[in-house]
């Protein structure tokens with residue numbers, strides 16, 4: 001089994017390092033990941049500046065890959081089209097430090113890297129830990145390895161990726177796995193004005209999650225019930241339900 005591994009937290013992040021070690025138990029792993037954190041990069045690609053590519057080795061000499069001066073989508077693109085000679089069986093993105101639930105997926109660099117893998121026709125998985133504080137990525141890494149083995153035996157439909165969110169709990173505390181749909185996740189954003197050393201105003205964005213009522217089969221409800229959420233995602237954004245209505249407008 002050949003796995004291309006990337007993330008949006010950067011190649012030195014704990015999440016990708018733990019997942020890297022775990023996936024080496026089930027297959028050959030090639031890591032092509034951003035040089036620094038690129039969270040919330042969405043599907044952005046670099047077209048107006050060069051993309052720097054450097055060889056990378058962690059303290060464990062087995063962990064060698066490429067460090068990319070670009071976005072998560074850049075990492076997958078350059079890996080598949082330049083750096084990797086054999087098409088991998090999977091593209092895996094993560095483990096992200098923090099959840100990617102509901103409409104978060106539209107902004108997430110983690111999910112977008114997996115989308116890029118799917119665009120290349122490769123079964124892809126995005127994995128996130130539902131915590132910005134916990135650093136115990138082991139249960140999420142173990143589940144990801146098991147999930148890849150299941151997919152390897154059964155396959156996924158084309159143009160489909162799996163978005164996985166894992167509670168920040170021990171394996172014994174996790175209440176099972178739920179197959180879910182995307183919920184609704186909104187934020188009360190705050191743009192705090194500040195002054196730079198030259199006296200010019202800039203803004204720093206922050207905000208808190210706004211609690212919404214979500215359907216029982218949503219990823220958000222599953223996580224709130226201490227379950228691992230597995231959501232199949234495809235990238236056909238067409239709203240087929242209103243096509244006939246628009247045709248009736250005779251535009």
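The values are calculated or read from the model by the stated rules, or taken from the named source; none is laboratory data. Worth saying up front: this structure is predicted, and the values here are computed from it rather than measured. Neighbour counts run over all protein chains shown; Cβ positions are idealised from the backbone, glycine included.
Couple of notes before you dig in:
- Residue in the range 195-220 that is surrounded by the fewest Cβ atoms within 10 Å (Cβ to Cβ), counting only those that are under 30 Å from residue 146 (Cα atoms) and without any contact (Cβ under 8 Å) to a residue 40 or more places away in the chain: 216
- Across the range 157-175, the qualifying residues are those that are part of a loop (DSSP other than H, G, I, E, B) and touching a strand residue (DSSP E or B) at 6+ places or on another chain (Cβ under 7 Å), and the one among them that is farthest from residue 116 (Cα to Cα) is 174.
- Checking each residue in the range 42-66 for being at pLDDT below 95, touching a strand residue (DSSP E or B) at 6+ places or on another chain (Cβ under 9 Å) and more than 17 Å from residue 5 (Cβ to Cβ) picks out no residue at all.
Yes/no matrix, rows are residues, columns are (1) more than 27 Å from residue 142 (Cβ to Cβ); (2) without any contact (Cβ under 8 Å) to a residue 40 or more places away in the chain; (3) touching a helix residue (DSSP H, G or I) at 6+ places or on another chain (Cβ under 6 Å); (4) surrounded by fewer than 16 Cβ atoms within 10 Å (Cβ to Cβ):
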| residue | (1), (2), (3), (4) |
| --- | --- |
| 27 | no, no, no, no |
| 38 | no, no, yes, no |
| 43 | yes, no, yes, no |
| 55 | yes, yes, no, yes |
| 85 | yes, yes, no, yes |
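- Among the numbered conditions (1) modelled with pLDDT under 95; (2) surrounded by 13 or more Cβ atoms within 10 Å (Cβ to Cβ), the only one that residue 181 does not meet is (1).
- So residue 220, is it touching a helix residue (DSSP H, G or I) at 6+ places or on another chain (Cβ under 7 Å) and either farther than 27 Å from residue 128 by Cβ or part of a helix (DSSP H, G or I) (or both): yes
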